[in-house]
1. Can you pick out the pairs among Lys254/Lys607; Lys428/Lys490; Lys408/Lys455 whose Cα atoms lie more than 18 Å from each other?
2. If you count, for each residue, the other Cβ atoms within 10 Å and average over each peptide, how do 439-448, 740-749 line up from highest to lowest?
3. Excluding Ser604 itself, calculate the net charge of residues whose Cβ lies under 11 Å from the Cβ of Ser604, where each Lys or Arg counts +1 and each Asp or Glu counts -1.
4. What number comes out for the charge environment of Tyr399, summing +1 per Lys or Arg and -1 per Asp or Glu over other residues with Cβ under 12 Å away?
5. What's the ranking of 300-313, 564-577 by average number of surrounding C-beta atoms within 10 Å, highest first?
6. Among the listed pairs Lys421/Lys785; Lys404/Lys747; Lys189/Lys241; Lys747/Lys855; Lys154/Lys762, which have their C-alpha atoms separated by more than 28 angstrom in this model?
7. Could you derive backbone 3J(HN,Hα) for the range 441-456 from the dihedral phi with the Karplus parameters 6.51, -1.76 and 1.60 (θ = phi - 60°), listing whole Hz in sequence and x where the residue is Gly or Pro?
8. Which order do peptides 155-167, 369-381 fall in by mean Cβ count within 10 Å, highest first?
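No lab work stands behind these numbers, since they all come straight from the coordinates. Predicted, not measured: the structure shown is a model, and the values here were computed from it. So basically every Cβ, Gly included, is an ideal-geometry build from the backbone, and we count neighbours across all protein chains shown.
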Amino acid sequence: METYSNPDEIPPSFCVGQHESKRALPINSQTVRSAHESNYDLLTTPITTSHFQSRVLGLLSAHLPKMQSPSPDANGTMETTENTRPLDIPPLAPSDTHLTPNDAMSQLVGVTSSWIDMCSPDPLIADISRQVFMLEVAYAAFCGIGYILVPGPKLHHRDMHSEGVMYYARAIQDAITMGPYIQFHIWVKSVDNPELEVDEMGDLAPLAREEFLEDLDDGSSPPLDPFGTWDAWDTIRRACKYHTRLFVALALPKQLPPMSVQSRWHSEPVHMLTFDANSFIKNQKGFPVLSKPHQSMISRFMRLRTAPWILLCDVGPIPGVEANESSTGGRQGADYPSLTQAAVSNKKNHDPTPHLSYIRNLQQRQPSRTAMERFGVGYQDYLQAPLQPLTVNLESITYEVFEKDPIKYEWYERAIAKALKDWKEQQKTTSHPDGRVLVAVVGAGRGPLVSRALKASAETGIEIDLWAVEKNPNAFVLLQRHNQTLWGGKVTLVQSDMRGWKGPKVEVKTPADTPSIPVGKSLGIENSLLYEPVSGQNSPDPSTSQGPRDLTSTTVDIVVSELLGSFGDNELSPECLDGITHLLNPTHGISIPASYTAHLTPISAPKLHSDIMNQTISNPAAPETPYVVMLHAIDYLSTNQPSAATTMSIHSGSTNNNGRTSISTLPGTETPIPDVQTAWSFSHPNRHIPPQAPGSSTISNAHNVRRTRLTFPVQNRGVCHGLGGYFETVLYRDIELSTNPVTMDSKSANMISWFPIYFPLKTPLNVPDNGEIVVTMYRQTDGRKVWYEWMAEVFALERFTGPSGESVAPVMSGARAVSPGDKGAQSAKPPQPRGGHDRIRRVRVGMTDLHSSIKEGCLM
Ligand SMILES: C[S@@+](CC[C@H](N)C(=O)[O-])C[C@H]1O[C@@H](n2cnc3c(N)ncnc32)[C@H](O)[C@@H]1O
């Protein structure tokens, strides 16, 4: 991996904090200063003390004997009133908290108590926990704490799994309201491993009364669930309506989860990555380091628009601050020397914060950014309205941004050169009477493709007559200037909408003027038409012309355009190119691009969803608008990877590996490749444009309507927030551009001109494990504008068995099973039938409205 060697490129700066799970000493300004001197940026602090915990436990033990043992009443419900007889936790006393409002507050992250259990099935325990939590949040808000770390929900209570998450979520919702300036970070493990959810002395969870606990006594422990903690997080943030002050703090173990799980977390608002001493391995010199997969994961997260902080947990005290013996208790695996030992043994070489030093070193070694990342800094996950270059005249700065692309223009030049060579080799007739190939750059902008066409002609030695058509009058000024200063007046400029252009008029040459070695033969249209001045047509400089000339209309041999949007056709390239197709050489005319295809894949994009929900308040059309966006914090829902549950269960033997090992990621390390499917295509020149209906003033655009229905297999459960859209285009033969994440590197790596398009869903759709998303989409037109319509359906695949010998047809719920040529559907691999009578039934479990961007449609 290339690292930041270029001095102009500043490596990202990591914000690193220190956390001690048993921090007993109060944090004051001096502690914060010491932390800064040691190179930490921030510290965590418990909001309440162990004294408070003892007080609550004392109150509870005094309260419990006063309660009758709970039992079901006549209605079958537990005697609610008696069982939940509340125990009021009195307000905090000075001994309950070390926090005092001071200058250090902005560098502190308050940590709420981990000994409570807001998910407890026992309403009394859940209620006490909620009260403790709310008291802590209220006091932290009072002190001016800006960030709170909340230990995640307890997911397992005997044989009950994830049952109390909704109660936890409800409390978080209240807390967000109570602390209006606080950012809340829900601290979750990357996967749900029930074996690691252990209660400690003094925790409230084990005090839940038997009557509220289910015990199936089947002896089986619940399986490790790769998406279990994500599921809990999803419940919480949904209950909190994707609140912008709600984040994830992600605890990373020594063995990372499969890439599909990592990718899911990458799409979530993870604002802290936490590592404890056990997440580290030791290098040959015995220093703590992170494994390669951890390093890659950190680098990936650090490229997010808002890079997460790193929290080092229980890795040793802050140097200079009196070491608290209990604070190092969590350092299992920490056979690093203690401060005192090290001071005695070797004062000079001792590093009191080796984990921090490692992270700081890692910061310096961050891989340098790709061309697209450098170009897109600040644009990650930033929603932009697509350009409408047909109806809006672009500004120079916008053209300037396009022109920075290191690939696009190069590829166009190659395409033009190849087309010219072919023209010559195949001895095709040219439109120009003098045998030159007539090339028109339509939608020339400030002229970069004009320059490339001239270069292609120069490098192939094939002469061209070059025309440039542009409707933007401002850009046209620059085109004229370039023609004088750069192109030596060789280009004929036309200021016009290409759809109204009458076509080139060329000088009729006498045989003596004809080049001795013509590229091809002329079309034989000499003298067919006399010159007529065309409004707006900028004929060659009259000062250089020698007397009156005979001009004749002719056709274009090669039309070069770049009218493509992020979804290919969304800036109305089909409609514009249709408008000049009649001007193309009828037998040999070439369009560069020759074709383009639109591509789709369903994605999880919580940040975009949250942004769009916020915009909807002022703009009701916001959730029905396709956006151009540099997709970053997203997860592809349909990929080539098997489900993470399958991968983890096959390899479950290795999940508790805590020893020194080089295996630090669970199987499934490959980056999942998304299933990006083709929606539709357009080819040029289109020789099948229907003629204008007699008596009609407008040309029908019905031939540019498209529709598609695509089936995407989904391996791991998730939430679909929208569709990622891309395009591929064939410029000429094998010269292609692509923004499709699957093919972009092979077709046009480092191209930066286009961000993807995003089609949002108003209401996110939950998809089950091994489910399917079926997308229906239209490109619609009424002859005046073009817009898109889209909807998504979710199917669960169920196995069912028919009576013996009976043939049971799968019940189809509207979506096709496998469409001809549908690669994605063929790779769906639904569960294989066991025996002869099992069938797969597709059950529709969710469906969106039909979205329509008609209000934001592109005017033709
Ligand atoms: C995406 S820009 C490309 C500009 C330039 N060719 C380049 O590659 O940098 C598209 C250009 O086409 C022009 N354009 C769009 N529709 C047009 C039309 N119907 N007739 C003429 N120009 C058009 C726009 O004004 C804009 O300058």
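1. Exceeds cut-off: Lys254/Lys607; Lys428/Lys490.
2. Order by mean packing, descending: 439-448, 740-749.
3. Summing Lys/Arg as +1 and Asp/Glu as -1 gives 0.
4. Its environment carries a net charge of -4.
5. Packing proxy ranking, top to bottom: 564-577, 300-313.
6. Those over the limit are Lys421/Lys785; Lys747/Lys855; Lys154/Lys762.
7. For the range 441-456, the Karplus-derived couplings read 9, 9, x, 6, x, 8, x, x, 6, 5, 4, 5, 5, 5, 5, 4 Hz, x marking Gly and Pro.
8. Result, highest mean first: 155-167, 369-381.
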